[in-house]
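Reading through the structure tokens given below for one structure.
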Amino acid sequence: MRKIVHIDMDAFYASVEQRDDPRLRGKPVVVAWKGNRSVVCAASYEARRFGVRSAMPAVRAERLCPEAIFVPPDFVRYRAVSRIAHEIFRRHTDLIEPLSLDEAYLDVTENKLGLPTATRVAQTIREQIRQELQLTASAGVAPNKFLAKIASDWRKPDGLFVIRPDEIDAFLSPLLVARLPGVGKVTEKKLGQMSIQTVEDLRVLDATVLEERFGRNGIRLYELARGIDHSEVIANRLTQSISAEDTFEYDVLLSETEPLIRRLAEKVWAASRKESRIARTVILKLKTSEFQILTRSHTPRVPPASCGELTDIALSLRERVVLDPQERFRLVGVGLSNLREPDGLQKQSVLFQE
């Protein structure tokens, strides 16, 4: 049986800002470019008390918390802090799967320091982060990745929660199905129509029924409801793409999609700053009212260097959608792909110039 630790830095970007500027400590800090089209990259716990959350439009965050202090993100500094955190992880195991700058899975079934339990490993890592970075991290310990990630969120901030093998059923049963990975609003609504509200309710359905209703995701739901997750911690897993999408409340014309494209581009740009590699290709995804999916992409000679450039390219891709002007759309998405190491891009540029 595996021993998995999920480490999640608490309000990472905002906490780094508060650490580095004493004037921000104890204050509601919102990490975002201030403006009508900006979205929140992170919010301190003081700001979260007002309902401010990451990925929220900055203007809404300002309305919810008029006293909020807006700080523009500094991803170079956040990456530097993240590298030190990962150096701490590597003292304990080489099986590290980063999810972003501020969270990662660690397989500590065998740990380098010979600590007797995974709980001791998590405690030690949290203490080292506190001492060396003056930051806090929450940790979840469990027999698999799915449960470890839920556990790390259980006692945030600055918490540690352990789910032992013999506690899995009792822990999962009362959880709302919305806590399961892959259960979004649509799936939650469908389950609700079947009178399924909690994991305990979900366990009543057998795998065949769930597969018929939800396809392959139904089998996944069947397993998660029983705490089953066979996925391994994969070290050095590379992100293939970064994307965000949203569904309109009601179907809209192509010409009316610009505000959402701008918000999604901001969200994708913020997420891309968590990557050490640089994305070259911009993707626009659209779904018509008849559920036809259209994608358009463009790879500029020089990768987008700002959120504005990403937004401009995404908006220009709309012009390559040739449909009836009265066609309506229910979903739009913006993405980045074709991620490369910065050194590789520089070499390509030199070759191109020659």
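The values are calculated or read from the model by the stated rules, or taken from the named source; none is laboratory data. What you are looking at is a predicted structure, and each value in this text was computed from that prediction instead of being measured. Quick reminder, even Gly has a Cβ in these numbers, built from the backbone with ideal geometry, and neighbours come from all protein chains shown.
In this structure, does R318 turn out to be at pLDDT below 90 and surrounded by 16 or more Cβ atoms within 10 Å (Cβ to Cβ)? No; evaluated as a whole, the condition is false for this residue. Within the stretch 26-35, the set of residues being modelled with pLDDT under 95 and among the charged types (D, E, K, R) comprises just one member, K34.
Scanning the stretch 96-124 for residues that are free of Cβ contacts under 8 Å to residues at least 60 places away in the same chain, out of contact with any Lys or Arg (no Cβ under 8 Å at 6 or more places or on another chain) and of a type in the set (A, V, I, L, M) yields L99, L115. If only residues of the stretch 235-267 that are surrounded by 18 or more Cβ atoms within 10 Å (Cβ to Cβ) and closer than 18 Å to P98 by Cα are counted, the one that is modelled with the highest pLDDT is I242. Residue selection: H92 fails the criterion of being out of contact with any helix residue (DSSP H, G or I) (no Cβ under 9 Å at 6 or more places or on another chain) and within 29 Å of Q240 (Cβ to Cβ).
So that you can scan it fast, the table gives a plain yes or no per residue for (1) in a helix (DSSP H, G or I); (2) touching a residue at least 60 places away in the same chain (Cβ under 8 Å):
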{"residue": "M1", "(1), (2)": "no, yes"}
{"residue": "W33", "(1), (2)": "no, yes"}
{"residue": "R53", "(1), (2)": "no, no"}
{"residue": "R63", "(1), (2)": "yes, no"}
{"residue": "P66", "(1), (2)": "no, no"}
{"residue": "R77", "(1), (2)": "yes, yes"}
{"residue": "V81", "(1), (2)": "yes, yes"}
{"residue": "E87", "(1), (2)": "yes, no"}
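When the stretch 130-146 is filtered for residues that are in a helix (DSSP H, G or I) and more than 29 Å from H230 (Cβ to Cβ), the ones remaining, listed by number, are R130, Q131, E132, L133.
Regarding the stretch 297-314, can at least one residue be identified that is part of a strand (DSSP E or B), modelled with pLDDT of 90 or more and either among the hydroxyl-bearing types (S, T, Y) or under 20 Å from A279 (Cα atoms) (or both)? Taking every residue of the stretch 297-314 in turn, at least one turns out to be part of a strand (DSSP E or B), modelled with pLDDT of 90 or more and either among the hydroxyl-bearing types (S, T, Y) or under 20 Å from A279 (Cα atoms) (or both). Out of the residues in the stretch 94-116 that are aliphatic (A, V, I, L, M), touching a Ser or Thr at 6+ places or on another chain (Cβ under 7 Å) and more than 21 Å from D229 (Cα to Cα), state the one that is surrounded by the most Cβ atoms within 10 Å (Cβ to Cβ). Going through the qualifying residues, I end up with L101. Taken over the stretch 278-295, the criterion of being assigned to a loop (DSSP other than H, G, I, E, B) and hydroxyl-bearing (S, T, Y) is satisfied by S289 alone.
The set of residues from the stretch 75-87 being at pLDDT 90 or above and either crowded, with 19+ Cβ neighbours inside 10 Å or charged (D, E, K, R) (or both) comprises R77, Y78, V81, S82, R83, A85, E87. Selection of the stretch 164-207 for residues being in contact with a strand residue (DSSP E or B) (Cβ under 7 Å, 6 or more places away or on another chain) and free of Cβ contacts under 8 Å to residues at least 24 places away in the same chain yields L176, Q197. Being crowded, with 21+ Cβ neighbours inside 10 Å and more than 22 Å from L106 (Cα to Cα) holds for only one residue in L210, L176, and it is L210. Just one of the listed residues (R23, R60, R91) is at pLDDT below 95 and surrounded by fewer than 18 Cβ atoms within 10 Å (Cβ to Cβ), and it is R60.
Screening T93 against (1) among the polar types (S, T, N, Q); (2) touching an Asp or Glu at 6+ places or on another chain (Cβ under 8 Å); (3) in contact (Cβ under 8 Å) with a residue 40 or more places away in the chain; (4) part of a loop (DSSP other than H, G, I, E, B) leaves a single unmet condition, (3).
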